[in-house]
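Presented below is the structure to which this report refers.
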Amino acid sequence: EPEVTQTPSHQVTQMGQEVILRCVPISNHLYFYWYRQILGQKVEFLVSFYNNEISEKSEIFDDQFSVERPDGSNFTLKIRSTKLEDSAMYFCASSWDDRGNQPQHFGDGTRLSIL
Amino acid sequence: GDSVTQMEGPVTLSEEAFLTINCTYTATGYPSLFWYVQYPGEGLQLLLKATKADDKGSNKGFEATYRKETTSFHLEKGSVQVSDSAVYFCALKFQAALIFGKGTTLSVSS
């Protein structure tokens with residue numbers, strides 16, 4: 001069964017540094033998403049991406065965050081200047097369609113630790 | 001705003017016990033509803049879904065029915081196994097974003 005793959009599984013970064021989290025969505029999917037889960041809290045939506053542009057974003061997704069699909073397979077989340085509170089598990093997801101009844105398929109996540 | 005509330009965990013059961021994990025939602029319209037499961041060290045996996053009122057989603061012995069009148073989507077399984085030990089997330093969706101509950105940890109012992 002096709003999978004969403006994320007790399008790295010764990011990223012440790014100094015505060016203030018830039019970090020790029022990488023994802024390879026399922027190959028025939030058209031919609032891509034990032035979520036995060038701070039330890040002990042809910043999984044929160046960050047952003048959705050379609051046709052090479054952001055289609056929806058949450059309040060969390062401020063100017064420090066950006067997303068990109070640099071080629072036909074990768075989907076990346078960049079945090080420009082990391083803060084301690086960016087420490088979380090980051091999940092990438094993809095779907096064929098973004099209608100309400102279409103499920104999203106998740107990767108195993110990247111654990112980001114900011115020191 | 002839209003939100004999902006799940007019962008607090010952890011839920012601890014013996015093998016072959018009956019499982020219920022409560023989930024209620026608040027939404028302005030009629031969202032689709034999902035249950036996702038997260039096994040230790042893994043990502044979120046879709047367990048089941050229901051897209052309209054009175055729909056029943058089912059998978060791997062788990063069931064949940066979309067109840068519009070009580071705004072609920074409770075997860076049930078008649079006989080749990082040790083391998084069902086995981087974190088279970090209820091979620092709703094209108095358009096792009098999934099809105100998740102906090103998750104309920106299930107621990108099943110033999």
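The values are calculated or read from the model by the stated rules, or taken from the named source; none is laboratory data. Since the model is a prediction, treat every value here as computed from it, not as a measurement. Every residue, glycine among them, receives a Cβ derived from its backbone with ideal geometry; neighbour counts consider all protein chains shown. Calculation scope for accessible area: heavy atoms of the full protein, side chains included, ligands and nucleic acids excluded. Shrake-Rupley method; radii C 1.70, N 1.55, O 1.52, S 1.80 Å.
So that you can scan it fast, the table gives a plain yes or no per residue for (1) of a type in the set (Ser, Thr, Tyr); (2) touching a residue at least 12 places away in the same chain (Cβ under 8 Å); (3) touching a strand residue (DSSP E or B) at 6+ places or on another chain (Cβ under 8 Å); (4) farther than 30 Å from B:LYS52 by Cβ:
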residue: A:ASN74; (1), (2), (3), (4): no, yes, yes, yes
residue: A:SER81; (1), (2), (3), (4): yes, yes, no, yes
residue: A:PHE91; (1), (2), (3), (4): no, yes, yes, no
residue: A:PHE106; (1), (2), (3), (4): no, yes, yes, no
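Step by step: first the residues of region B:85-94, then only those that are surrounded by fewer than 22 Cβ atoms within 10 Å (Cβ to Cβ) and in contact with a Leu (Cβ under 8 Å, 6 or more places away or on another chain), then the one that is farthest from A:PHE61 (Cα to Cα). Which residue is that?
Start the filter on region B:85-94 by keeping residues that are surrounded by fewer than 22 Cβ atoms within 10 Å (Cβ to Cβ), which leaves B:85-87, B:94.
The next check asks that each one be in contact with a Leu (Cβ under 8 Å, 6 or more places away or on another chain); those that pass are B:85-87.
Values: B:SER85: 33, B:ALA86: 29, B:VAL87: 26 Å.
Within region B:85-94, the match that is farthest from A:PHE61 (Cα to Cα) is B:SER85.
Looking at region B:41-61, which of its residues are away from every other protein chain (no Cβ under 13 Å) and assigned to a strand (DSSP E or B)?
Listed by number, the residues that qualify are B:LYS56, B:SER58.
Within region A:74-105, restricting attention to residues that are small (Gly, Ala, Ser) and over 14 Å from the mean Cα position of the chain (by Cα), which residue is farthest from the other protein chains (Cβ to nearest Cβ)? Don't jump to the end; show me each part of the working.
From region A:74-105, those small (Gly, Ala, Ser) are A:81, A:87-88, A:93-95, A:100; that's our starting set.
Okay, now just the ones that are also over 14 Å from the mean Cα position of the chain (by Cα), so A:81, A:100.
Numbers: A:SER81: 25, A:GLY100: 4 Å.
Out of the qualifying residues, it is A:SER81.
For region B:66-77, enumerate the residues that are over 20 Å from B:THR105 (Cβ atoms) and open to solvent by 30 Å² or more (accessible area, probe 1.4 Å).
Within region B:66-77, B:ARG67, B:LYS68, B:GLU69, B:THR70, B:THR71 meet the criteria.
Against the definition (open to solvent by 40 Å² or more (accessible area, probe 1.4 Å) and either within 11 Å of chain B (Cβ to nearest Cβ) or farther than 21 Å from A:GLY16 by Cβ (or both)), how does A:LEU46 come out, yes or no?
When the stated conditions are applied, A:LEU46 does not pass them.
Kindly indicate whether B:VAL82 is open to solvent by 20 Å² or more (accessible area, probe 1.4 Å), closer than 18 Å to B:GLU16 by Cβ and of a type in the set (Val, Ile, Thr).
Working: open to solvent by 20 Å² or more (accessible area, probe 1.4 Å): yes; closer than 18 Å to B:GLU16 by Cβ: yes; of a type in the set (Val, Ile, Thr): yes.
Yes, satisfied.
Answer yes or no: is there a residue in region B:95-104 that is out of contact with any Lys or Arg (no Cβ under 7 Å at 6 or more places or on another chain), more than 12 Å from chain A (Cβ to nearest Cβ) and open to solvent by 10 Å² or more (accessible area, probe 1.4 Å).
So far as region B:95-104 goes, no, none of its residues is out of contact with any Lys or Arg (no Cβ under 7 Å at 6 or more places or on another chain), more than 12 Å from chain A (Cβ to nearest Cβ) and open to solvent by 10 Å² or more (accessible area, probe 1.4 Å).
Listed residues A:GLU53, A:GLU1; which is over 30 Å from B:SER3 (Cβ atoms) and open to solvent by 30 Å² or more (accessible area, probe 1.4 Å)?
Working: A:GLU53 fails: over 30 Å from B:SER3 (Cβ atoms).
On inspection, the qualifying residue turns out to be A:GLU1.
Of the numbered conditions (1) without any contact (Cβ under 8 Å) to a residue 12 or more places away in the chain; (2) among the small types (Gly, Ala, Ser); (3) within 14 Å of chain A (Cβ to nearest Cβ), B:ALA86 satisfies every one except a single condition; which is it?
Status for B:ALA86: all satisfied but (1).
When region A:17-43 is examined, which residues are found to be under 19 Å from A:SER87 (Cβ atoms) and open to solvent by 40 Å² or more (accessible area, probe 1.4 Å)?
Scanning region A:17-43 gives A:GLN17, A:GLU18, A:ILE20, A:ARG22, A:LEU39, A:GLY40, A:GLN41, A:LYS42.
I'm checking my understanding of the structure. Among residues of region B:6-23 that are of a type outside the set (Val, Ile, Thr), in a strand (DSSP E or B) and more than 22 Å from B:TYR66 (Cα to Cα), which one is least open to solvent (accessible area, probe 1.4 Å)? Steps first, answer last, please.
The initial filter retains those residues of region B:6-23 that are of a type outside the set (Val, Ile, Thr), namely B:6-10, B:13-19, B:22-23.
Right, trim to in a strand (DSSP E or B) and you get B:6, B:13-14, B:19, B:23.
From what's left, more than 22 Å from B:TYR66 (Cα to Cα): B:13-14.
Details: B:LEU13: 36, B:SER14: 72 Å².
Applying the filter and picking the extreme gives B:LEU13.
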